Amino acid sequence: MPLKPHERILVALDTFDHPMALDLARRLAGRVGGVKVGLELFTAAGPEIVREIRRTGIEVFLDLKLHDIPNTVAGAAAAAARLGIAFLTVHALGGPAMIRCGVKASYEAASEAGLPPPTVLAVTILTSQDDDGLRQIGLVGGCRSSVTRLAEIAREAGAGGIVCSPLEVADVRGVFPSGTLVVPGIRPESGSGGRDDDQARTATPGKAIRAGADRIVVGRPITGAADPLAAADAICGEIAAGSG
């Protein structure tokens, strides 16, 4: 069943403020498809924030970008899956064995807990990186070819989908047609990410959806807005207009 426009939006709760994050999740329930709990909030508030958000009825995208030896990632993925999350990220640069172990462990742990397993998403190249940045760390070929190569590795290792910038969505869809594509680096027509925007590869909501994104991750344009619900509704409108 196709996703409705509002279901495509995952709001990034990138804050260390536990009460504020929980309040915003409660307010957004039913207005967006889910919220993202990343390293900042998870480090500050721990697994309990995920449990509390889940009790509001909204889906949680746990964005920890797990990247370690396969056994360690398996243990962390299993613990995360027991929280009842919808999505979990591992880093594609960890390689196929690591991805495979994370997927297997999360599936088994969720099944044992009587929960649906999370979709394990492999993060390719961060949206803050550009071609020059990749050259500095020794990755040749630029963002586009690196993302596509990592997407193929993740698909073969059993990942359920990919996290990539809006600029690589069409390429990734070509090599991973059945995967769930979750796309950060979203900047609405109405404005940018703000003065401290650190994203290098971005696009509007409509452009990302037209390119083939299943879900988009939006943080500051919603969480930093004077009226977050109105901002979310405006982005929903952009999606509806752009995907028509």
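The values are calculated or read from the model by the stated rules, or taken from the named source; none is laboratory data. Computed from a predicted model, the values in this text were never measured in an experiment. We place every Cβ from the backbone using ideal geometry, glycine too, and count neighbours over all the protein chains shown.
General observations
- Residue that is surrounded by the fewest Cβ atoms within 10 Å (Cβ to Cβ), among those in the stretch 117-134 that are charged (D, E, K, R) and under 24 Å from Arg173 (Cβ atoms): Asp130
- Filter result (among the aliphatic types (A, V, I, L, M), under 23 Å from Val163 (Cβ atoms) and either surrounded by fewer than 18 Cβ atoms within 10 Å (Cβ to Cβ) or under 17 Å from the mean Cα position of the chain (by Cα) (or both)) within the stretch 205-234: Ala208, Ile209, Ala211, Ala213, Ile216, Val217, Val218, Ile222, Ala232
- Scanning the stretch 80-97 for residues that are among the β-branched types (Val, Ile, Thr), in a helix (DSSP H, G or I) and within 26 Å of Ala232 (Cα to Cα) turns up nothing.
- The set of residues in the stretch 28-42 that are exposed (fewer than 14 other Cβ atoms within 10 Å of the Cβ) and either part of a helix (DSSP H, G or I) or free of Cβ contacts under 8 Å to residues at least 12 places away in the same chain (or both) contains only Leu39.
- Exclusive hit being buried (at least 24 other Cβ atoms within 10 Å of the Cβ), within 25 Å of Leu229 (Cα to Cα) and under 17 Å from the mean Cα position of the chain (by Cα), set Ala81, Ala25, Ala86, Ala12: Ala25
- Looking only at the stretch 214-230, residues that are touching a helix residue (DSSP H, G or I) at 6+ places or on another chain (Cβ under 7 Å) and not in a loop (DSSP other than H, G, I, E, B) come to 8 in all.
- Of all the listed residues (Ala76, Ala44), the sole one being of a type in the set (Gly, Ala, Ser) and closer than 22 Å to Gly161 by Cβ is Ala76.
- Matching residues in the stretch 43-78 - criterion: being more than 19 Å from Asp14 (Cβ to Cβ), touching a residue at least 24 places away in the same chain (Cβ under 8 Å) and surrounded by fewer than 16 Cβ atoms within 10 Å (Cβ to Cβ): Arg51, Gly57, Asp68, Ile69, Asn71
- Every residue from the stretch 1-16 that is acidic (Asp, Glu) and more than 15 Å from Asp233 (Cβ to Cβ): Asp14
- Some residue of the stretch 133-143 being modelled with pLDDT under 95, within 19 Å of Arg8 (Cβ to Cβ) and assigned to a loop (DSSP other than H, G, I, E, B): no
- Answer from Leu64, Leu10 - the residue that is in contact with a helix residue (DSSP H, G or I) (Cβ under 7 Å, 6 or more places away or on another chain) and either modelled with pLDDT under 95 or not in a helix (DSSP H, G or I) (or both): Leu64
- When the stretch 154-187 is filtered for residues that are farther than 23 Å from Glu238 by Cα, surrounded by fewer than 17 Cβ atoms within 10 Å (Cβ to Cβ) and touching a residue at least 40 places away in the same chain (Cβ under 8 Å), the ones remaining, listed by number, are Glu156, Gly158.
- Qualifying residue in the stretch 44-51 (condition: of a type outside the set (Phe, Trp, Tyr), under 23 Å from Asp233 (Cα atoms) and at pLDDT 95 or above): no
- Gly114 being out of contact with any Gly (no Cβ under 6 Å at 6 or more places or on another chain) and either crowded, with 20+ Cβ neighbours inside 10 Å or part of a strand (DSSP E or B) (or both): no
- Checked across the stretch 169-182, the condition of being modelled with pLDDT of 95 or more, under 16 Å from the mean Cα position of the chain (by Cα), under 23 Å from Arg26 (Cα atoms) and assigned to a strand (DSSP E or B) holds for at least one residue.
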